[in-house]
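Heads up, the thing below is written out as C-alpha cells.
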Amino acid sequence: MSTAEELYERLKKVNEAKGYYFNKNREMALSLLEGLLTNKDRYGYMNCPCRLASGDREADRDVICPCDYREPDVKEYGSCFCNLYVSKEWNEGTVGLVLEPGGYTYVRLNVRHCRLAVEAHDGGLFAG
C-alpha cells in the first residue's frame, strides 16, 4: 500500500505530462489523496473522495479517479470538482478566482469541498 505522499509523486509525473496539475495547496491535495487511498481500501478502487460511491465498481466507473468529469471541469472551471486536479492557470491564480476587496474569492465552491476542509481542520466533525 502506498502513502498519500508516494501517490502524489507518482501521479504528479503522469498527470503533469497531460496538462493536469495538483492543487498548489499541498496539504489539501494530500488530504484528497488520503481519501482516494481510503476508498481503495474500502471499495477496491479509488473512487473520487468528493463523490458518493455505491460500492459497485461498474456503477461507479465514471467517478473513479481521475473521473470522467475531470477533463471538462478543468477545461471550463480550471479545476475538477474536488479541486485536486487543476490547470496551470488555476495554480497561478489567473482562472478560477476573482479579485474581491480584501483578497481572492473562489468562483466555484462546492459543498463536498467545504466538507473535506472542515473534516481536515476540525478533527472529523462530519466523520461517521
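Laid out as a table, the results:
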item: Qualifying residue in the stretch 82-102 (condition: in contact with a Leu (Cβ under 8 Å, 6 or more places away or on another chain), β-branched (Val, Ile, Thr) and either closer than 22 Å to VAL14 by Cβ or at pLDDT below 90 (or both)); result: no
item: Filter pass, ASN25 being under 12 Å from the mean Cα position of the chain (by Cα), polar (S, T, N, Q) and more than 22 Å from GLY78 (Cβ to Cβ); result: no
item: Pairs, first over 15 Å from ASP62 (Cα atoms) in the stretch 33-49, second open to solvent by 10 Å² or more (accessible area, probe 1.4 Å) and among the polar types (S, T, N, Q), C-beta under 8 Å, six or more apart; result: LEU37/SER2; LEU37/THR3
item: The stretch 36-58, residues that are among the hydroxyl-bearing types (Ser, Thr, Tyr) and within 18 Å of LEU11 (Cα to Cα); result: THR38, TYR45
item: Cβ-Cβ under 7 Å pairs, at least 6 apart or on other chains, the stretch 66-84 side free of Cβ contacts under 8 Å to residues at least 40 places away in the same chain, far side of a type in the set (Ser, Thr, Tyr) and open to solvent by less than 30 Å² (accessible area, probe 1.4 Å); result: ASP73/SER79; GLY78/SER87
item: Residue list for the stretch 22-68, restricted to those being within 25 Å of GLY93 (Cα to Cα) and in contact with a Cys (Cβ under 7 Å, 6 or more places away or on another chain); result: LEU32, CYS48, PRO49, CYS50, CYS65, CYS67
item: Options ARG42, ARG10; residue that is over 14 Å from PRO66 (Cβ atoms) and among the basic types (Lys, Arg); result: ARG42
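The values are calculated or read from the model by the stated rules, or taken from the named source; none is laboratory data. Only a predicted model underlies this, so the values are computations on that prediction, with no experimental measurement involved. So basically every Cβ, Gly included, is an ideal-geometry build from the backbone, and we count neighbours across all protein chains shown. With ligands, DNA and RNA removed, areas are computed over all heavy atoms of the protein, side chains included. Shrake-Rupley method; radii C 1.70, N 1.55, O 1.52, S 1.80 Å.
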